[in-house]
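The values are calculated or read from the model by the stated rules, or taken from the named source; none is laboratory data. Keep in mind it's a predicted model, so treat the numbers as computed, not measured. Cβ atoms come from the backbone with ideal geometry, glycine included; neighbour counts cover every protein chain shown. Surface areas here come from the heavy atoms of the whole protein model, side chains and all, with no ligands, DNA or RNA. Shrake-Rupley method; radii C 1.70, N 1.55, O 1.52, S 1.80 Å.
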Amino acid sequence: METNYLKRCLGDCLAQALAEVAKVRPSDPIEYLAHWLYHYRKTAKAREEERQEEIQLKAECGNSLRETEVTEMLTQEECQIPQRGEKYMSPTKKTVFLQESTKPLAKEALKQASLPGASRVVPGEPQQTSEPSG
């Protein structure tokens, strides 16, 4: 049961440490093993942090590339908008005719839409005065 725990938790680390102890044959093998395991943990932790930083840098680089692509697309679209606008902004005879032909309709609609008891004055038109009958 203890061997399963050691294999699961320490695995290759303990095997490497014991091989190092057997190769070096220090005067105090337990202290040497303790220092070796401590050093192994520090280096493994540093490697893991480096790996995490590398993953983060790759993700940031990918995001930066996508952001650059989107910025370039938006810049191209901004350049194209004035060109499109010039094509659509020049008034044609048809649009001028439509604008002129709708003015009388708008005035008529204003006359018909006024509420009872409200003033029937249409903005921009001369007022008609009715003479009192009497």
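Distance between the 7 Å Cα→Cβ label points at Ala44 and Asp28: 2.4 nm. Between Glu53 and Thr68, the modelled label-to-label distance comes to 2.2 nm, taking each label 7 Å out from Cα in the direction of the beta carbon.
Evaluated at q = 0.15 Å⁻¹, a Debye calculation over the C-alpha positions of the range 1-46 (equal weights, vacuum) places log10 I(q)/I(0) at -0.40. With all protein chains in place and ligands, DNA and RNA left out, the 1.4 Å accessible area ranks Thr75, Thr43 as Thr75, Thr43, largest first.
Which sequence of Lys42, Lys23 reflects their accessible areas, 1.4 Å probe, from the largest down?
Numbers: Lys42 115, Lys23 155 Å².
Of Lys42, Lys23, the descending order of accessible area is Lys23, Lys42.
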